[in-house]
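The values are calculated or read from the model by the stated rules, or taken from the named source; none is laboratory data. Note that the structure is a prediction, hence the values are computed from the model and not measured. Heads up, the Cβs are rebuilt from the backbone with ideal geometry, glycines too, and the neighbour counts pull from every protein chain shown.
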Amino acid sequence: MRARIMYIEDKSGGLVGPCRIGRVAFSKTGSTLRYDGRSFQSLKGHGFKANFIDIEAGQHFWISGPRKDGADGLYGRITQPEDVDADVAEEYWRQVRGLSQVPGSGPQKGLPPAESP
């Protein structure tokens, strides 16, 4: 299974929600993504300010590749050190953002638990 660092933002509560930078695994076809024990399926252009849905919880998410300038969110939200999973922090800050020093990363990994439908 192919994997890469991605920006994941929960859109179920509105236009801006909790976000993470973490390693996302892709299915063979690329239509299903996996992160933090959750599976996401593409909305194939049919979402409102979201491009994936949590298959089990039905929550909408914005999932995209990270940007060098850090404006990873749909509305240019700048990623903060506490938004980055510790297991990808060094790779994200050095290779994606191009920083020579790595800021402290967030203590936790993953998104808040899924809400019951």
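Listed values, structure above:
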item: Test set (1) surrounded by 15 or more Cβ atoms within 10 Å (Cβ to Cβ); (2) at pLDDT 90 or above; (3) closer than 21 Å to Gly76 by Cα - Gly17 fails condition number; result: (2)
item: Selected residue (criterion: modelled with the lowest pLDDT) from residues of segment 47-99 that are more than 10 Å from Ile8 (Cα to Cα) and of a type in the set (S, T, N, Q); result: Thr79
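Residues checked against (1) under 28 Å from Gly98 (Cα atoms); (2) under 14 Å from the mean Cα position of the chain (by Cα); (3) of a type in the set (Gly, Ala, Ser):
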position: Gly17; (1), (2), (3): yes, yes, yes
position: Lys28; (1), (2), (3): no, no, no
position: Tyr35; (1), (2), (3): yes, yes, no
position: Ser42; (1), (2), (3): no, yes, yes
position: Trp62; (1), (2), (3): yes, yes, no
position: Ala71; (1), (2), (3): yes, yes, yes
position: Gln80; (1), (2), (3): yes, yes, no
